[in-house]
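> Take a look at this one; I'll ask things after.
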Amino acid sequence: MQRRSLLKWLAASVPASFIPNAMAGREDDIRHILPTVTDTSFSISVSVGEPRSELDLSVGGRKITGTRMDSKGRFWSFTAEELSPAKGYQLQLSDSTGALGQAWPLRTFPDRDSEPEAFKLLAYTCAGGADGLGMPGRQFFKPHSFRQTLFDAGLNEKPDAVIAIGDHIYYDLRGEEHPSIGRNSKWLRYLSGKYFSWRYGSFNRSEPIIGTENEEVLVRIGDEQIADLYGTRFKSTPIYFLSDDHDYFENDDAEADIVTFPPDDFSRAAHKAMAELYYPSLPDAPRPEWRRAFGTLRYGRLFEAS
């Protein structure tokens, strides 16, 4: 038997239980990784498919215990501080059974008082929306594959940072339990309400978001419009999310029957929960319910935005 044939036979014969975790599909359980950085810190948002009781992140060999952001254990936030400026680190997720997925690189920004020669920024707006949602003759949102092609084209230019300007979520409720697409047509509004209730569920606006059935509805929406869209493609590129009107689950409407802004308590709670589950946040980012900013992106003394 030739050596190549022997290796193929061995590979086909070895039980899956003997294959290392990272090779057995455990990386597929990572739903999204989104990082922000400063010159001395990382902030990283992660979601996984199956709940964990604990999730850790190694940063250059230093263990960071994640903060659970949801009631189930699927969403985790990590903050690593006291890092060195302009330095690359290897990051690795792990749970109680060992390494989860592959290690990846992430670099801190130059020292805040340094004078970098160049800075390359990728910025875009309104990337949200369901994956190819539409009806015969009308497409409401482009498929994820279309948007991901644009993301990948931008990332191929190797930007130092990304600013993602809202709207990241399109799910306008107009004060109701599900979107009112086709609100000017009784039959279309009825059908769209049935569809959204079947696909995502319905909100109870009198209950909190986290820890109730509302959390399940919000996660179904966020998994599709954030986790499935971004995945892990930005894990080595700092990205900063800025919110807009649709991120409060409303369009900025002012009509005879409804004025949607300023948002009510439920809209503010839904916006806050979505941001905390899916977006990374720098230590200096604002924390109140009206949080729209990502903190401060400072690249030495060359560029600053907040």
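The values are calculated or read from the model by the stated rules, or taken from the named source; none is laboratory data. Bear in mind that the values here come from a model prediction, so they are computed numbers and not experimental data. Methodologically, a virtual Cβ is constructed for each residue, glycine included, from the backbone with ideal geometry; neighbour enumeration extends over all protein chains shown. Areas reflect the complete protein model, heavy atoms only, side chains present, ligands, DNA and RNA absent. Shrake-Rupley method; radii C 1.70, N 1.55, O 1.52, S 1.80 Å.
> For segment 60-68, state whether one or more residues are in contact (Cβ under 8 Å) with a residue 60 or more places away in the chain and either in contact with a helix residue (DSSP H, G or I) (Cβ under 7 Å, 6 or more places away or on another chain) or in a loop (DSSP other than H, G, I, E, B) (or both).
no
> What number of residues in segment 178-231 are modelled with pLDDT of 95 or more and hydroxyl-bearing (Ser, Thr, Tyr)?
5
> How many residues are open to solvent by 10 Å² or more (accessible area, probe 1.4 Å) and of a type in the set (Gly, Ala, Ser) when one looks only at segment 244-272?
Final tally of qualifying residues: 3.
> Given the conditions (1) farther than 22 Å from Asp253 by Cα; (2) part of a loop (DSSP other than H, G, I, E, B); (3) open to solvent by 50 Å² or more (accessible area, probe 1.4 Å), report the number of the one that Ile209 does not fulfil.
Unmet for Ile209, out of (1) farther than 22 Å from Asp253 by Cα; (2) part of a loop (DSSP other than H, G, I, E, B); (3) open to solvent by 50 Å² or more (accessible area, probe 1.4 Å): (3).
> A further question follows. Give Phe78, Phe109 a once-over and let me know the one that is part of a loop (DSSP other than H, G, I, E, B), surrounded by 15 or more Cβ atoms within 10 Å (Cβ to Cβ) and at pLDDT 95 or above.
Phe109
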